[in-house]
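Heads up, the thing below is written out as structure tokens.
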Amino acid sequence: MRRWAVVLITSTLMVLMLVLPAWSIFTDRATSNKNTISSGEFDIGISKDGSRFYNDLHLFDFSDLKPGDSREIVFHVKNRGDVAVSKLTIAFTINDLEDGPLSPAEAKVDHTPDVGELSDNLVVTSMTVEVGGKAINVSSAVGKTLKDLNGKPVSIPLGGKLAPGETAKVMMRVWFSKNAGNECQTDSVSVNMTLDAQQ
Ligand SMILES: [Ca+2]
Ligand SMILES: [Ca+2]
């Protein structure tokens, strides 16, 4: 497309040079200066509520969860550039921590004092994305634990393209499995999420 534009401008200039008559009495000239060809900006931002968007944003801290609890993670992604986004992925980087000494009940069953067990018991029970008033199920993530998702990017379906200025709302519910044992007591998990967009 860009190559086609360059060729068109060059040939138009050549035609103008050929038809300029050397013996005209009345003369006139039109000029076209400072023409530019540039590439579009490609930029996405993330927001908690859809009002202000950032390149980097802290989204959640959930504490004192007990087995059976669930929490919802909600964020908005905006195409802040001027090129449509056709592919959006989210990658989770999970770090399991014991978060201090083992509790007495935990110490009886947890034989890895340096590594936590929580992410293996945090299950994504639903994940949907809303774009242009339509809700789309992110089925590839549902039923997986945060440990399963660690380092494996999840494709976020957009139902087409995310146009410049358009936003997508992502909702993800995480459940602390009732099957979690005492090895998870006082554990914590840090979750980094990276969104990648492609033209
Ligand atoms: Ca452990
Ligand atoms: Ca533990």
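The values are calculated or read from the model by the stated rules, or taken from the named source; none is laboratory data. Note that the structure is a prediction, hence the values are computed from the model and not measured. As a convention, Cβ positions derive from the backbone with ideal geometry for all residues, glycine included, and neighbour counts pool all protein chains shown.
In the stretch 91-145, which residues are assigned to a strand (DSSP E or B), among the basic types (Lys, Arg) and either surrounded by 15 or more Cβ atoms within 10 Å (Cβ to Cβ) or touching a residue at least 60 places away in the same chain (Cβ under 8 Å) (or both)?
Hits for the stretch 91-145: nothing passes.
Filtering the stretch 93-129 down to residues that are hydrophobic (A, V, I, L, M, F, W, C) and more than 35 Å from the chain's Cα centre (by Cα), which residue is farthest from ligand 1 (Cβ to nearest atom)?
Looking only at the stretch 93-129, we keep the residues that are hydrophobic (A, V, I, L, M, F, W, C), and these are 94, 97, 102, 105, 107, 109, 115, 118, 122-124, 127, 129.
Retained after the next criterion (residues that are more than 35 Å from the chain's Cα centre (by Cα)): 102, 105, 107, 109.
Values: 102: 7, 105: 13, 107: 10, 109: 9 Å.
That would be 105.
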For the stretch 44-67, check the following and say yes or no: at least one residue is modelled with pLDDT of 90 or more, surrounded by fewer than 10 Cβ atoms within 10 Å (Cβ to Cβ) and hydroxyl-bearing (Ser, Thr, Tyr). yes
Would you please list the contacts, defined by Cβ atoms under 6 Å and residues six or more apart or on different chains, that run from a residue in the stretch 176-195 that is closer than 9 Å to residue 121 by Cβ to a residue that is β-branched (Val, Ile, Thr) and away from ligand 2 (no atom under 13 Å from the Cβ)? 177/123
